[in-house]
Amino acid sequence: MTRLELDRVAVRAPGPDGDVVILQETTLDLTQRRIALVGPNGSGKSTLARLLNGLVAPSSGAVRVDGLDVAREGKEVRRRVGFVFTDPSAQLVMPTVLEDVALSLRRTHRDRTARLATARAVLARFGLDPLADRSVHTLSGGQRQLLALAGVLATDPAVLVADEPTTLLDLANSRMIGDLLLGLPQQLVLVTHDLDLAARCDRALVVSGGRVAFDGPAEAAVAHYRATA
Amino acid sequence: MRQLPLLDAHRPGTSWLHRLPAGAKLLGMLAAGVVVIVLRGPLTGVGALAVALALVASSGLGLADTLRALRSLLLLGLLVGLYHLLQRSWALAAEQVTDLVALILLATVVTTTTPVDAMLDAIVRALGPLRSLGVRPERVALAFSLVLRSIPLTLAVAAETADAARARGLGRSPRALLTPMVIRTVAHARVTGEALHARGLGDD
């Protein structure tokens, strides 16, 4: 597994009365295959997840992915760490399903024919091949999230960070995406409010008030969160 | 989100325009833009409009369907013409309307008969020699695709904002329409930027 390290990392943001602490000084070593981050809204769990891909820069401390400093070697880190957002619409850039996956592959497949063939193979892996020529605007919420996942996983990152990927989905799609995420060969860092999903991970962190309030086996962490929420 | 046909969607087909290389179509579009701007007078615009209508008809899109899908943009063109008719002259009004409608139709032909991926490849190839001058072709191509994507997205945001304003009884208030529309559009641009960053697009 990839080693995800937070070394005395803190995140602050300017506020009207001075700096606001978003994440207090935190040191973590994440090596498990499936890691859940749970906690109330505004607790800092999304900030913690975003640090891993360089979407948020630490105010102090260092974030490392397999020894690569996220701040200095962001390009290399983003090749290793994929990120899926809550709202897939923002992540879908191209007009059609096939072209959106192909966009992810432009860096690795210069030849268009090979690129489109690989994109079709990726779509087939996710059961999206019948939708290849459909406009991304006409997809259902579940199909969009599945496509966003396919677009990120097309480049085969070692780690997938997913920030509340099931929040906007109905029950059936939420289960489908949840099962898919937990079955991926990639290391998974999952920010979620779905405690049943979180409990199925190997390790879970409860984030509350900008700090890690509990860190341990997922079932114990979920029980802690239920008891303290 | 509402579906807005033709503005960003490639329509697969077998017409000669579908088979024409993306680079040739983009070059043709660029040439048409230069010609209608450089050559003044209504005759150039009428000629460009005739060519554009012929190309729409031969692309297999269906002339009536295309004009129906673009009616709000065409209405905008007519308003521009009306302004020039009242303020300047009929000749300038005719030139402006025919130039604008011709270019809108030509752009529609290009976007509907060409996969965006093929256009990006054509742009990257065309700008390749400029790498030594610091131009990053992949970034330019990505910006091009974002512009295409932003047209239907912005129109959809405008439509949703108008619906929300009407639901609150503020359908006639420009502030209730424009302020949330601008905020939502900027917010969407920021989120899209984050998503591109997260996907590593633009890193190269």
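Read-outs: derived from the displayed coordinates by stated rules, not from any lab. Just so it is clear, the structure is predicted and the values come from calculations on it, not from any experiment. Because the Cβ atoms are built from the backbone with ideal geometry, glycine has one as well, and the counts that use them run over all protein chains shown.
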Gyration tensor (alpha-carbon) shape descriptor, segment B:116-204, a/c threshold 1.5: prolate
For residues of A:86-97, the mean tally of beta carbons on other chains within 10 Å: 6
Counting pairs of alpha carbon atoms under 8 Å apart in space and at least six apart in sequence, what relative contact order in percent does chain B give? 26 percent
Just counting partner chain Cβ atoms within 10 Å, what average do the residues of peptide B:190-197 show around their Cβ? 6
Hey, what number do you get for chain B at 222 nm if only DSSP H runs of n ≥ 4 count, each worth -39500 (n - 2.57), divided across all residues, to the nearest 500? -25500 deg cm²/dmol
DSSP-defined antiparallel bridges as percent of all bridges, the protein assembly as shown, nearest 5: 55 percent
Everything considered on the Cα gyration tensor (a ≥ b ≥ c; rounded for a/c under 1.5, else prolate if a/b is larger than b/c, else oblate), segment A:110-205 must be described as oblate
Is the shape of chain B rounded, prolate or oblate, going by the alpha carbon gyration tensor and its root eigenvalues a ≥ b ≥ c, with a/c under 1.5 for rounded and a/b larger than b/c for prolate? oblate
Projected onto the charge dipole of chain B (+1 at Lys/Arg Cβ, -1 at Asp/Glu Cβ, origin at the Cα centre), which of B:ALA141, B:ALA195, B:VAL80 gives the Cα projection farthest towards the positive end? B:VAL80
Determine the calculated [θ] at 222 nm for chain A from helices alone, applying -39500 (n - 2.57) to every DSSP H run no shorter than 4 residues and normalising by the residue count; nearest 500 deg cm²/dmol. -10000 deg cm²/dmol
Please give the peptides A:66-76, B:190-200 ranked by average Cβ packing (other Cβ atoms within 10 Å per residue), highest first, as a rough proxy for protection. B:190-200, A:66-76
Of the peptides A:136-144, B:18-26, how do they stack up when ordered by the mean number of other Cβ atoms within 10 Å, highest first? A:136-144, B:18-26
